[in-house]
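**Student:** There's a structure below that I have some questions on.
Nothing in this text is a laboratory measurement; each read-out follows from the coordinates by a stated rule. Predicted model, so just to flag it, every value in this text is computed and none were measured. Counting neighbours? That spans all protein chains shown, and the Cβs are built from the backbone with ideal geometry, glycine included.
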Amino acid sequence: MTVPTAPSLYQPTSLDDAVERLAVAGPDAAPIAGATWIMRSPSRGEPFHREYVSLARIEELRRIDDDGATLTIGAAVTHARLAQALAGHPALEALRQAAATSANPSVRRQATVGGNLCARDFAAADLAPALLSLSARVVLAGPAGITTTPLSGFLAGRDNLPPGTVLAHVSVPLAPVVSAHARLTLRRAGDYPVAIVSVAATLDDAGVVESATVAVGSVEPVARLWPELAAAMTGRPLDADEAVRTARELAGAFTPRTSVEADGWYRLQVLPTVVGRAVRALESHGRDRT
Amino acid sequence: MFVNGEPRRVHADPMTPLSGVLREELHLRGTKAACGEGFCGSCTVFVDDDAVASCLVPVGLAEGRSVRTVESLADPAGALSPLQQAMKDNDAVQCGMCFPGMLMSLTALLETNPSPERRDVHEALVGNICRCTGYERIVDAALTAARAAGAAVEEDAS
Ligand SMILES: Cc1cc2nc3c(=O)[nH]c(=O)nc-3n(C[C@@H](O)[C@@H](O)[C@H](O)COP(=O)(O)OP(=O)(O)OC[C@H]3O[C@@H](n4cnc5c(N)ncnc54)[C@H](O)[C@@H]3O)c2cc1C
Ligand code: FES
Ligand code: FES
């Protein structure tokens with residue numbers, strides 16, 4: 001009989017060390033950040049990896065930097081810290097809302113940005129659609145060096161990254177947008193959202209949408225953009241009721257997932273309502289701005 | 001790691017939940033572990049300055065850090081903390097399963113926001129599930145404790 005050995009934990013203080021260790025260990029090892037997803041592996045029926053490489057003590061991954069044009073968020077920044085830091089950035093309200101309302105207060109003090117974007121098979125991640133709507137890019141560190149890629153491509157391909165790849169930072173352009181995040185949960189606080197919608201838009205002086213980005217989470221297995229709805233919203237004033245009607249017409253573009261919390265048809269049914277909430281919040285942010 | 005101010009060495013494997021180490025190895029049974037999944041809040045403790053769900057903290061990640069459990073709230077002579085006393089005075093405790101976690105989450109709230117509104121208390125307790133009380137007495141007790149502390153500060157200042 002083989003006795004499974006308990007997983008080990010390596011705690012480097014530099015990103016290079018973490019990448020190297022992960023690259024050498026290959027598929028036996030994985031990064032660990034806030035651990036709120038990994039610690040529940042047994043309850044999902046997933047075995048632990050043989051080794052975890054902690055990102056928690058790598059100082060550069062815990063920073064949030066603002067150079068006036070871009071906000072660079074370290075992957076090991078927690079939801080709670082991110083929400084606090086974004087209080088001074090009204091344009092990034094979608095991201096602040098996502099970071100401040102996901103899960104519950106203690107999970108938010110532990111769970112990280114990188115963990116939210118890298119947890120495989122986690123469809124209900126709140127930060128993913130929020131960051132998609134804000135056109136975020138991710139900076140990846142790997143054995144071959146640093147690469148930067150749009151978040152949308154990263155999310156679609158994250159299951160096939162070479163061992164040793166660590167999401168190091170997320171960079172969010174500081175554009176003059178208004179943005180909002182809306183989510184629908186069932187039953188009780190702490191449940192995963194059934195559908196999530198994040199919207200960002202630039203408005204002209206008359207309140208007409210010059211450009212819009214809409215992202216949807218939790219409906220399909222991976223969060224994604226909804227370019228057809230964004231195009232329909234462009235060139236006219238913000239109008240939540242109209243957005244709900246259009247969303248209803250266009251919702252056929254999604255192949256919804258079914259899980260224990262909700263059936264696919266239900267997610268599609270509520271999606272237009274969640275769109276309406278997000279656009280209504282945008283209308284009020286737009287009014288505050290003027 | 002430092003537990004309630006004292007250096008402690010533990011032998012558990014690094015991915016063992018901190019809640020289990022506190023209870024089984026260090027015999028600090030105040031911390032409960034009702035769900036083991038981050039949902040119920042009964043295992044809430046402070047790691048450094050953050051109140052977190054200790055069932056989701058691998059003990060290895062707490063290495064070298066300071067951990068505060070519910071046992072640290074009363075003073076060593078056994079006098080209850082003002083928050084604990086307010087819970088008792090308001091008759092807020094029933095079975096008590098949720099209470100250690102409630103106390104730690106509320107301690108976290110009062111450390112960052114000494115004069116919370118009712119809705120701040122509700123928001124702070126989103127991750128603390130109580131099957132017995134319906135919450136309102138707990139919220140009343142927390143607000144009483146906050147007001148008493150505020151009054152004490154004003155008295156000191158005058
Ligand atoms: C009670 C509860 C409620 C929740 N509710 C919500 C909710 O409403 N919304 C929501 O979005 N989430 C929710 N979550 C899920 C929450 O666990 C994740 O969102 C969290 O962000 C994961 O981050 P972590 O740092 O804890 O990840 P970890 O558990 O440390 O890691 C998760 C995965 O990502 C990988 N990883 C971590 N960091 C990196 C990196 N920098 N580079 C490469 N790979 C990495 C790990 O290898 C692992 O596979 C909830 C969790 C709990 C316990
Ligand atoms: S036991 Fe940790 S949150 Fe329930
Ligand atoms: S008093 Fe029994 S669960 Fe709260």
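**Student:** Expressed as an acute angle from 0 to 90° and rounded to the nearest 10, what is the orientation of the C-alpha long axis of helix B:99-112 relative to the principal long axis of chain B?
**Tutor:** Approximately 70 degrees, to the nearest 10.
**Student:** Another question, then. What percent do you get for the relative contact order of chain A when only Cα pairs under 8 Å and 6+ apart count?
**Tutor:** Relative contact order here is 16 percent.
**Student:** Go through B:A141, B:G5, B:N128 and say which Cα lies farthest out towards the positive end of the charge dipole of chain B; charges sit on Cβ, +1 for Lys and Arg, -1 for Asp and Glu.
**Tutor:** The one lying farthest along the dipole's positive direction is B:N128.
**Student:** Pick from A:P129, A:P47, A:P193: which residue has the top mean-square fluctuation in a GNM of chain A where Cα pairs under 10 Å get a spring?
**Tutor:** A:P47
**Student:** Of B:G64, B:G20, B:F46, which is farthest towards the positive pole of the stretch B:2-72's charge dipole, taken about the Cα centre with +1 and -1 on the beta-carbons of Lys, Arg and Asp, Glu respectively?
**Tutor:** The one lying farthest along the dipole's positive direction is B:G20.
**Student:** If you project the alpha carbons of the protein assembly as shown onto their three principal axes, what span does each projection cover, largest first, in Å?
**Tutor:** 70, 59, 44
**Student:** Also: At a 10 Å Cβ-Cβ cut-off, how would you order A:H285, B:H122, fewest neighbours first?
**Tutor:** So the residues, fewest neighbours to most, are B:H122, A:H285.
**Student:** Here is a follow-up. In the Gaussian network model of chain A, springs joining C-alpha atoms below 10 Å, which of A:V244, A:V24, A:V194 carries the largest mean-square fluctuation?
**Tutor:** A:V24
**Student:** Can you work out the base-10 log of I(q)/I(0) for the stretch A:161-290 at q = 0.16 1/Å, using the Debye formula on its C-alpha atoms alone?
**Tutor:** Results for the stretch A:161-290 at q = 0.16 Å⁻¹ read -0.82.
**Student:** Same structure, new question: Considering every residue in B:111-122, what mean count of other chain Cβ atoms within 10 Å of its Cβ is obtained?
**Tutor:** Other-chain Cβ atoms within 10 Å of each residue's Cβ, averaged: 0.
**Student:** Divide, for chain B, the radius of gyration over alpha carbons by 2.2 N^0.38 Å, where N is the residue count.
**Tutor:** Chain B yields a ratio of 1.04.
**Student:** Let's test the formula: R0 of 30 Å, r as the Cβ-Cβ distance of A:R287 and B:E111. What FRET efficiency results, to the nearest 0.05?
**Tutor:** 0.25
**Student:** GNM on chain A, C-alpha springs below 10 Å: top fluctuator among A:Q110, A:Q97, A:Q84?
**Tutor:** A:Q84
**Student:** Something else: Would you work out the charge dipole size for the protein assembly as shown about its Cα centre, treating the Cβ of every Lys and Arg as +1 and the Cβ of every Asp and Glu as -1, and quote it to the nearest 20 debye?
**Tutor:** Working: 40 positive and 51 negative charges, 190 e Å.
Its charge dipole is roughly 920 debye.
**Student:** Compute the FRET efficiency between A:E242 and A:L186 as 1/(1 + (r/R0)^6), taking r as their Cβ-Cβ distance and R0 = 22 Å, and round to the nearest 0.05.
**Tutor:** It comes to 0.25.
**Student:** When A:V77, B:V52, A:V208, B:V67 are ordered from fewest to most other Cβ atoms inside 10 Å of their Cβ, what list results?
**Tutor:** A:V208, A:V77, B:V67, B:V52
**Student:** Next question, about the same structure. If the label point is 7 Å along Cα→Cβ of B:A151, which residues in the stretch B:69-90 have backbone nitrogen under 20 Å from it?
**Tutor:** B:80-90
**Student:** Mind checking the dipole of the stretch B:2-72: about its Cα centre, +1 per Lys or Arg Cβ, -1 per Asp or Glu Cβ, Debye to the nearest 20?
**Tutor:** 180 debye
**Student:** Still on this structure, please answer the following. Please average, across the residues of A:36-49, the number of beta carbons from any other chain that are within 10 Å of each residue's own beta carbon, and give a whole number.
**Tutor:** 3
**Student:** Using R₀ = 30 Å, calculate the FRET efficiency as 1/(1 + (r/R₀)^6) where r is the Cβ-Cβ separation of A:E20 and A:R40; round to 0.05.
**Tutor:** The pair A:E20/A:R40 has a calculated efficiency of 0.60.
**Student:** If you don't mind, another one. For the stretch A:7-64, evaluate the Debye formula with one uniform point scatterer on each Cα (no solvent term) and list log10 I(q)/I(0) at q = 0.19, 0.24, 0.31 Å⁻¹, rounded to two decimals.
**Tutor:** -0.67, -0.96, -1.28
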